[in-house]
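The next block holds one structure in the form of structure tokens; read it before the comments.
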Amino acid sequence: MASCNTIKRVGDDEKLLTKNTVYINDKANNTETITNLLYQKANRKLLTVPIRLHIYNLARPNIDSILEANIAKKPNRERNLERFLSKKQLDQYIDSRKGFNNWLKKTGEAPVILNPEKTKRSMNRLEAYYFHNGWFTATATSEIIKIDSSRAQVDYYVTTGDPYFVDSLTVNISSPAIDTLYNKSKKKSRIQLNKQYRTSTFEQEKNRLTDNFRNNGVFHFTEDYVYFEMDTIQTDKKVKVELQIRNRLIKNQDSSRREPFNIYKIKEVNIFTDYSYSDRNKQQKDSAKYRGYNLYSNDKLRFRPKALTDAIFITPDSIFRDRNRTLSYRHISELRTFKYPNIEYIENADTTLTANVYLTPLKKFGLEFSAEVSQSNIQTVGLSFNPSVLMRNVFGGAETLQLTAFGSIGASKDAANDQDKFFDINEWGADLKLTIPRIFLPFNTNKIIPKSMSPSTWMSISTSSQTNIGLDKQTLTGTLNYRWKPNEKVTNRFDLFSIQYVKNLNPDNYFNVYSTSYNTLNDIAQDINYIGQNEELSIPDQANIFIQESIGNNPPTGLTQDNIQNINYINERQERLTENNLIIASSYNYVRDNRTSLFDENFWIFRGKLESAGNLMSLGSSLFGAPKNMSDNYEIFDVAYSQYVKVELDYIKHWDLGRKKVLALRTFFGIAIPYGNSNSIPFSKSFFAGGANDNRAWTAYNLGPGSSDSNDEFNEANMKLAFNLEYRFNVFEDFYGAIFADAGNIWNALDNIEDPQATFTNFESLEDIALGSGFGLRYDFGFIIFRFDVGFKTYNPAYQKGNRWFQDYNFNNAVYNIGINYPF
């Protein structure tokens, strides 16, 4: 009980600060902006309880003396303990007691003791805040209110007075070159007349002017030359502003002088392609000149000049622009061929500059290796490894070629195999990827996609073979895509073509993998005594024969229409999941991310994707009169290629609520429509619902489609809606909590599925949107976030209408999710 006393560590002549209240013109203001101005804040609380303060109070302030007193309570106790535990063990015991005590102090939060000096500093900061926002006559006072002998709160009172407005702006610029540049851009000025005065506005204008001048040739200009003089005397709450920019100050050893600023041009650009500090004074053995650039090398020049000049934005005979150095740094780093470069400007006597670009190549070859241990509901344990070899500057144009091999083994049990092998899951493969730092096409694209957009071309081919408890697969993929960034917020990716071939190696194992389908089929067979009393269908022979007879012209005696319909659904699903797939697609991805940094929590992200497959193949097959198979589909290499169009729209929005509180929203819509040569979507291109990053009240692939009460192992469909809302807050230190609500489902639409419960027919189908809610805990390690979520089925569309709310809202039916980083 004593440890729960919040004033346990408060001295007799001290008072615990319990609350701050700020009144602005007699009206309480508890906004984040205002409360952050105070130097002292009360101890943080969780549900009105200062938990961290209570943890701190558990610690003993004088632990050393307490431990020494306990040992010295009895004569010879220390000597006896040393004989029993040994000197080393006794010291370790004492250190452990001290360590736990220090952990309590570090994890907890010391009581906030009212400090009058900090109260005064808070008043000064409040006055300064309102002064810098236009209330020049603002005053702040405070009142300490005693709650009892050990507790107090502080009330702050701010009287702002009337705000001041910018009345006029005059300009006094000494250098003609600066004056000319200013007049060209003054329409973009941040200072607007008849607007309330704010200091931040003038800081923004100072930064704007500095950027403008330095990116238009004024090499020596800095923001210190920009000065604003304000006049508020006898102006009736008006501010008269004068912008002053004096000439350049040049200091010598014993004197200084001022001269007008000049516009500088780049005279020449020297690129040292294999610079090292130890060889800095050596004579360059090889050189080249390309479009005005001078390239030098200590040995034979290994790079094609164009590959380097395309990454450097400082061009000869051009106006000096400060941003070009930043762009060059970024683009050279993106080549993944050089260490971080160094770019220096040397001033010449004729108001020109020489730019020296020092590049230090990385090693020709790089070797990487990674390994991973995993566990899932399929694998008892899994081991994987990924060795990778990187080759830089493959063709002399700063290209990179990367060969990655991957392999994994896992322990499970194949239901079809009587022998219990421990490692019965394996996958192996290789991926070869070539990255070209430009758009690789037979025609010039610089006017459409200039080098300032960081264009690149990616070519890759990969193959994999998988043996597991499933159908086993062989996969061959090849892609050619282009990427470019018009600005820092937008990323474009265009897949000119993407080819994927998937071959199922073990389709006869289908009913061992999808046991729910088999159990349904077997129950129907037993009900009509198809192969004898309580006899089970053998896999795959009898199971497949029973299906074919049931959906044929002469179904077995005893089958109802519902039986036949269910068997037909099982057959359609089996055919789709065991068929080989050939996908030849093109796609376009657009991403707009307006985050200013990794720590920005007030942003939005939009992702859009449009994918089309099979159109060129269909056109070619039709023009050349290619034959069709028995299912009326065109084939390539005996495989019917897929034809569909797919759209995905994803929007994420974060609101920073202050005090490490964030409200996060995500909305997603996706649909893939088969047509022409296909009446369904390949499994790899379909949608699923549930899981740690989706609707957390259902496990992955366990939700939907629609209101169907499907117990299939992998439920998927070709349309999806998802909505997620999560409130995140700090508990203490690096521990965070979250409360969330996830809504959404998957449906079949415009394909060959006819089950009314699984299909999206009209807006009435939206009543089948599932709702899950729950809470979670997170721990921020800095580089990753460990996440644990508990989801409860709040609205389950699989139940009958009127009986869908809160039927499984308990811990017995909850879903527990573990994840890395936030789901959105």
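Read-outs: derived from the displayed coordinates by stated rules, not from any lab. Every value quoted in this text rests on a predicted model; they were computed, and no experiment measured them. Using ideal geometry, Cβ is built from the backbone for each residue, glycine included, and neighbour counts are taken over all protein chains shown.
Observations
- Entries of LYS118/LYS489; LYS188/LYS447; LYS364/LYS685 with Cα pairs more than 31 Å apart: LYS118/LYS489; LYS364/LYS685
- For region 270-377, relative contact order (Cα pairs under 8 Å, six or more residues apart, normalised by length) works out to 26 percent.
- Restricting region 758-814 to chymotrypsin sites (Phe, Trp or Tyr not before Pro) in coil, as DSSP defines it, with at most 13 other Cβ within 10 Å: PHE781, PHE783
- Each DSSP beta bridge with both residues in the chain is either parallel or antiparallel, and the antiparallel ones are about 85%.
- Within the same chain, lysines fewer than 8 places from LYS120 are excluded, and of the rest, those with a Cα less than 19 Å from its Cα are LYS15, LYS19, LYS41, LYS146.
- The phi torsions of region 813-821, fed into the Karplus equation with coefficients 6.51, -1.76 and 1.60 and a -60° offset, translate into couplings of 9, 6, 10, 9, 10, 10, x, 10, 6 Hz, rounded to whole numbers, with Gly and Pro shown as x.
- Cα convex hull of region 265-358 - mean projected area over all directions, nm²: 6.0 nm²
- Cβ-Cβ FRET estimate between ILE673 and ARG330, R0 fixed at 51 Å, reported to 0.05: 0.80
- Here region 265-358 is treated with +1 on each Lys and Arg Cβ and -1 on each Asp and Glu Cβ, and its dipole about the Cα centre works out to around 320 debye.
- Extension reserve of the ALA405-TRP655 stretch, reckoned as 0.36 nm per residue once the Cα distance is removed: 85.8 nm
- Which of GLN284, ILE346, VAL357, positive extreme of dipole for region 282-384 (C-beta unit charges): GLN284
- Farthest toward the positive end of the dipole of the chain, out of VAL49, VAL815, TYR514, is the Cα of VAL49, where the dipole comes from beta carbon charges about the Cα centre.
- Among the GluC sites (Glu not before Pro) within region 501-559, those in coil by DSSP and having at most 15 neighbouring Cβ atoms inside 10 Å are GLU535, GLU536.
- Computed magnitude of the charge dipole of region 597-820 (debye, nearest 20; Cβ of K, R +1, Cβ of D, E -1): 620 debye
- Farthest toward positive dipole pole in the chain [+1 Lys/Arg, -1 Asp/Glu at C-beta], among ILE753, PHE165, PRO540: PHE165
- Spatially proximal lysines relative to LYS793 (Cα-Cα < 26 Å; intrachain offsets below 8 disregarded): LYS653, LYS661, LYS720, LYS801
- Reciprocal of mean inverse Cα separation for the chain (Kirkwood radius, Å): 34.4 Å
- Taking the empirical scaling 2.2 N^0.38 Å for compact globular proteins as reference, region 165-259 has a Cα radius of gyration ratio of 1.18.
- Spacing of the modelled spin labels on ASP299 and ASN553, each 7 Å from Cα toward Cβ, amounts to 7.9 nm.
- The label-point distance for PHE729 and PHE599, in a model that sets each label 7 Å from Cα toward Cβ, rounds to 2.3 nm.
- Directionally averaged shadow of region 271-319, computed from the convex hull of its alpha-carbon atoms, nm²: 3.8 nm²
- Part-to-part distance (alpha-carbon centres) for region 140-171 and region 736-789, which is given in Å: 47 Å
- Rh by Kirkwood over Cα pairs, then Stokes-Einstein D for region 548-644 at 1.002 mPa s and 20 °C, µm²/s: 119 µm²/s
- Going from the residue with the fewest nearby Cβ atoms within 10 Å to the one with the most, GLU716, GLU368, GLU648 rank GLU368, GLU648, GLU716.
- Net charge over other residues, Cβ less than 10 angstrom from the Cβ of ASN207 (K, R count +1; D, E count -1): -1
- What separates the Cα centres of region 558-604 and region 261-324 is a distance of 51 Å.
- Cα convex hull of region 94-175 - mean projected area over all directions, nm²: 12.4 nm²
- The simple spin-label model puts a point 7 Å past each Cα toward its Cβ; for THR31 and LEU616 those points are separated by 5.6 nm.
- Between 0 and 90 degrees, the angle of helix 116-131 with respect to the longest Cα principal axis of the chain falls at about 90 degrees.
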